[in-house]
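For reference, the structure is listed below as structure tokens.
The values are calculated or read from the model by the stated rules, or taken from the named source; none is laboratory data. All values derive from a computational prediction rather than experimental measurement. FYI the Cβ positions are ideal-geometry reconstructions off the backbone, even for glycines, and counts take in every protein chain you see. Ligands, DNA and RNA are stripped out before the accessible areas are found, and what is left, the full protein with its side chains, is counted by its heavy atoms. Shrake-Rupley method; radii C 1.70, N 1.55, O 1.52, S 1.80 Å.
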Amino acid sequence: MIFFSTDWAEAVRGAVDAGPDDALRATKLETYWGWIDQARADYGESWALGRCKPDGHTDYLLLRWERGHCVAATVTATPSEATYVLSADAQTWHDLLAGEDTGRIVMYRRLRLERGEVLSFFRIIYFFVESVAAIGRVPATLDA
Amino acid sequence: MDQEVLAGVEKSDLAQIRDLDIDDVIDYVHADLKRLPDYLDLYRRYLRQRWDVYELDFSQDIRDWNTAMTQSERDAFVAISSGFHHGERQVEVELPVFMLGGSEESKIFMSSQIEDEARHTIFFDRFYREVVGLPGESVQEVLDASFHHVSETFVGPFGLLAYLADELRRDPEDPVSRVRYGTTYFLWIEGVLALSVMKITLTYCRNRGFLPGYYAGFTATCRDEARHVQFGMRFLRDSVAEDPRLLREIHETLRTILTINGATSRRIALESLGWSPEEVRRLMIRQLSMKLNDVGIALPPDLQQMVARIEPELAGG
Ligand SMILES: [Fe+2]
Ligand SMILES: [Fe+2]
């Protein structure tokens, strides 16, 4: 699948909606996943995750959550309706796909919050971080 | 509080600091909270108390680490210290943006705190390189080598600080952004997380007679924290006095921090350092309550309940 294609976005939707499998759950304390399950339970916001391209344009993966389910994933040129808009450069996305730790990407501010209330965004931070990690695990071919 | 003991904490040089008891240094953090020195007092104190991180001698620490400490003690110690190694770096790099705003006195004090945090980062860099034996040419490489010890939940408070720093960068004078940032940095990360880790690891070193270089450097770090926390509490108190609506921002920030605090991803064998999770929890609650009480920040009932449910969290900066 080509990165940031429609097919890829649909695969991402399936992956983030499914959440962690048993093997992944076993690597961290159950209370951590329990916290995420609770943060996610009624979640109904949307995230636009931007990829800034070398030509100066940014495209967005738009993920829409409803009652804890990821109900839509599209690739768009504008993040208009998203509650939270974040973006990263192509190298960061590349590193994410290569397995770079999502928490580290956030703490080094390689993925920046460009729009949205920072305090409410952080109230679900581990749900967000694990969802972005799941995006990184969806196989994708980077276009040139 | 014994004035003579406090004067000893105040005046010790790096060679004398290893004889101080960590409890006295923590008392010293709180001794001035009701009065709260002004920013230039704190700056003068910085000039007197500044220490040279390259003067520390880790040779006994290396022997203790390799021959006296057990594997489970080393594991717990590294797990706890890594949150501090990365925490010091994070508070160092996120601080310059706060210095862009505020009074001239605040900016002058901030220049000293930035230097403190850089020195604390070097302290951990030296400890990990020389005692733990992590490889790395650069500061970043040693950070990378200890990163796998850092808990998944580190990104909660420290990622929040990074994102609040970004918010502040857009308008460094914005009182709301400054208070949110100050609550996260000075009250929670320094006032609660850092002081709790200091108490746990330094009590362990002192009781067992281990790691004298670490004890001296981290106790000196704790004394630096006294200035940072006193600055921070003065900043929060003055902010609310100037505009009482900012109290709401402190509460909203604490609500976020305490929501994040509910997640724990790894179990740390605290028992091997002589602590139970329940003791750590009580320690953190006490650290938070003392500061809020001393500067007169009251909490609404929902926040009081969240404070009572605080989970052990081990990082700092
Ligand atoms: Fe500090
Ligand atoms: Fe520090």
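Dimensions of the stretch B:3-316 along the principal axes, based on C-alpha atoms and rounded to the nearest Å, stand at 56, 41, 40, largest first.
For the stretch B:218-245, list residues with backbone N below 18 Å from a point placed 7 Å from the Cα of B:ASP23 toward its Cβ? Answer for the stretch B:218-245: B:219, B:223. Remark: accessible surface ordering of B:HIS85, B:HIS149, A:HIS94 (largest first) is A:HIS94, B:HIS149, B:HIS85, probe radius 1.4 Å.
Output the relative contact order of chain B, whole-number percent, from Cα pairs under 8 angstrom with separation of 6+ residues.
30
Summing charges over all other residues whose Cβ lies under 15 Å from the Cβ of A:ALA18, with Lys and Arg as +1 and Asp and Glu as -1, gives -2. Extending 7 Å from Cα along the Cβ direction at B:ARG286 and again at B:GLU137 yields two label points whose distance is 4.7 nm. On the basis of the beta-carbon distance and an R0 of 30 Å, B:VAL78 and A:GLU30 show a calculated FRET efficiency of 0.80.
Loop-resident GluC sites (Glu not before Pro) (DSSP state other than H, G, I, E or B) in the stretch A:45-102 with no more than 14 further Cβ atoms inside 10 Å of their Cβ: A:GLU81.
Among A:18-24, B:112-118, B:55-61, B:151-157, how do they line up by average Cβ neighbours within 10 Å per residue, starting with the highest?
Averaged packing, sorted descending, gives the order B:151-157, B:112-118, B:55-61, A:18-24.
Here chain B is assigned +1 on the Cβ of each Lys and Arg and -1 on the Cβ of each Asp and Glu. Its dipole about the Cα centre then comes out at about 540 debye. Mean per-residue shielding of peptide B:110-119 is 0, counting Cβ atoms of other chains within 10 Å of each Cβ. For the stretch A:6-56, the dipole from Cβ point charges (+1 on Lys and Arg, -1 on Asp and Glu) about the Cα centre works out to 220 debye, to the nearest 20. How much accessible area does B:TYR54 have with a 1.4 Å probe, in Å² rounded to the nearest 10? Spelled out: B:TYR54, probe radius 1.4 Å, area about 150 Å². By Kyte-Doolittle mean hydropathy of at least -1.0 and Cα axial length of at least 18 Å, which whole DSSP H helices of chain B are selected? Span-like helices, by this rule, are B:71-94, B:104-126, B:155-170, B:195-208, B:212-242, B:246-261, B:277-295.
Hey, with R₀ at 30 Å, roughly what FRET efficiency would A:ALA41 and A:HIS94 work out to, going by the Cβ-Cβ distance, to 0.05?
The calculated FRET efficiency here is 0.35.
Count Lys and Arg as plus one, Asp and Glu as minus one, and take only other residues whose Cβ is under 13 Å from that of B:ARG63; the net charge is then -4.
Taking only the C-alpha atoms of the stretch B:166-317, Rg followed by Dmax gives 16.3, 49 Å. Per residue, the average separation of C-alpha pairs within less than 8 Å and at least 6 apart gives the stretch A:6-136 a relative contact order of 26 percent. Over the protein assembly as shown, all Cα pairs binned in 10 Å intervals from 0 give whole-percent P(r) values of 4, 20, 30, 26, 14, 5, 1, 0, listed from short to long. Summarising the strand pairing of chain A, around 70 percent of its internal DSSP beta bridges are antiparallel. Taking the DSSP beta bridges with both ends in the protein assembly as shown, the antiparallel portion is around 70 percent. Full extension of the chain between B:ALA308 and B:THR67 gives 82.7 nm of extra length, using 0.36 nm per residue less the Cα-Cα distance.
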